[in-house]
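Okay, so here's the structure we're looking at.
Read-outs: derived from the displayed coordinates by stated rules, not from any lab. The structure displayed is predicted, hence computed values, not measured ones. Positions of Cβ are generated from backbone atoms using ideal geometry, with glycine treated the same way; all protein chains shown enter the neighbour counts.
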Amino acid sequence: LPPRPTRDILGFLARYAPLAPWQKGILEIIREESLYYVPQAATKILNEGWATYWHTRLLLPLLSPEEALEFAELQAGLLAPHGFNPYRLGYLLLKEVEERWDKGRFGPEYEALPLGERLTYERPTGLGLKQLFQVRTVHTDLSFLDTFLTPEFALRQRLLNPEDLPRFAEAKKALLFRLTNGGYPIVELVDANYGNRGELLLEHAYEGVELDLKKTQAVLENLYRLWGRPVHLKTVVGEKETLLSAGS
């Protein structure tokens, strides 16, 4: 066990750990609550951007000049360019998608143009709103940014200067990595009889970022309390493969 590597470590423990039924019930509750939030974590930028887009689109035509001014002040605070602001990024990127598809800035003909020509290209189609609903239906934050976060968008929104364009791909890769798995490290349970001793073996999918050793050790200790036998984790520390353990 398990028949194949699994990320569902809580589910495995709830089923196989030597715990009382009430203890397994608590684990199941914690697991189900965590699973409930997974889709929300995977679409936070889209959700916040979508809400901002629609309350802006629906409210502005209904407001008096005085109310519009108050709304603009609140909106400026919501979309302030400080740190990583999911409201701002989601809203601006959705507006970018709408404008691109309204103006025909998509497809092979557009993609074949040099960057400078893409910024001014227009072939009106009016497909922006339709494309927004398509995006909202099929994308997570990760695929949304991977698909639509482009150098043209970064230049238009002044996220980078023209001289910084060579660094765009690297910066985008770092952002996508931050969003992968909700920003959490990927750890799998690969063996529940490690060393033929009934011990757990976990493996960390190392991709250049080391684990927080203090937090990792605390997690291993908690898993040891639940499993009742030593728990081990293969990871990389100081560029060397390392086996961290609890209970041994």
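Using a cutoff of 8 angstrom between alpha carbon atoms and counting only pairs six or more residues apart, the relative contact order for region 88-200 works out to 21 percent.
From the Cα gyration tensor of region 44-180, with a ≥ b ≥ c the square roots of its eigenvalues, which class applies: rounded if a/c is under 1.5, or else prolate if a/b is larger than b/c, or else oblate? Don't jump to the answer; show the numbers that get you there.
Numbers: a/c = 1.62, a/b = 1.31, b/c = 1.23.
Prolate shape, in that a/c is at least 1.5 and a/b is the bigger ratio.
Taking loop as defined by DSSP and a crowding limit of 11 other beta carbons within 10 Å, which trypsin sites (Lys or Arg not before Pro) in region 172-223 fit?
On the way: sites: Lys172, Lys173, Arg178, Arg197, Lys214, Lys215; in loops: Arg197.
Those that pass, being in a loop and sparsely packed, are Arg197.
Think of each Lys and Arg Cβ as +1 and each Asp and Glu Cβ as -1; about the Cα centre, that makes the dipole of region 53-149 roughly 280 debye. Taking the longest Cα principal axis of the chain as reference, the axis of helix 65-78 is set at about 40 degrees. Spatial offset of region 40-88 relative to region 196-248 amounts to 42 Å, using the alpha carbon center of each.
For each of Asp191, Asp141, count neighbouring Cβ atoms within 10 Å of the residue's Cβ, then give the residues from fewest to most.
Values: Asp191 16, Asp141 24.
Neighbour counts put them in this order, fewest first: Asp191, Asp141.
Compute the signed sum of charges (Lys and Arg +1, Asp and Glu -1) over the other residues within less than 14 Å, Cβ to Cβ, of Gly228. Here the charged neighbours net out to +2.
Candidates Gln157, Ala174, Asn47 compared by Cα position along the dipole of region 44-180: farthest toward the positive end lies Ala174, with charges placed on Cβ. Each principal axis of the Cα atoms in region 1-123 has its own extent, and those three values, largest first, are 64, 46, 25 angstrom. Of the GluC sites (Glu not before Pro) found in region 80-132, those in coil by DSSP whose Cβ has at most 16 other Cβ atoms within 10 Å are Glu122. Extension gain, Arg167-Ser64: 0.36 nm per intervening residue step, less the Cα-Cα distance, totals 32.7 nm.
Set the bar at 24 Å for Cα to Cα. Now go through Lys44/Lys130; Lys173/Lys214; Lys44/Lys234; Lys44/Lys173 and name every pair that lies beyond it.
Numbers: Lys44/Lys130 21 Å; Lys173/Lys214 27 Å; Lys44/Lys234 31 Å; Lys44/Lys173 18 Å.
Listed pairs above 24 Å: Lys173/Lys214; Lys44/Lys234.
When only the Cβ of Lys, Arg, Asp and Glu is charged (+1, +1, -1, -1), the dipole of the chain relative to its Cα centre reaches about 600 debye.
Of the residues Ala112, Asn85, Leu244, the one whose Cα sits farthest toward the positive end of the charge dipole of the chain, with +1 on the Cβ of Lys and Arg and -1 on the Cβ of Asp and Glu, is Leu244. Model label sites at Gln157 and Thr120, defined 7 Å from Cα along the beta-carbon direction, differ in position by 2.4 nm.
The residues Ser245, Ser34, when put in order of fewest to most other Cβ atoms within 10 Å, stand as Ser34, Ser245.
In square nanometres, what is the average projected area of the Cα convex hull of the chain?
19.0
Report the residues of region 118-142 in range of a label on Phe71: point 7 Å along Cα→C-beta, backbone N strictly under 17 Å from it. The answer is none. Between helix 213-227 and the chain there is an angle of about 50 degrees, using the helix long axis and the longest principal axis of the Cα atoms.
Test of understanding: in a Gaussian network model of the chain with alpha carbons linked when under 10 Å, which of Pro61, Pro81, Pro151 would top the mean-square fluctuation ranking? So, out of Pro61, Pro81, Pro151, the one fluctuating most is Pro61. Annotation note: GluC sites (Glu not before Pro) in region 155-248 located in DSSP loop regions with a Cβ neighbour count of at most 14 within 10 Å are Glu207, Glu239.
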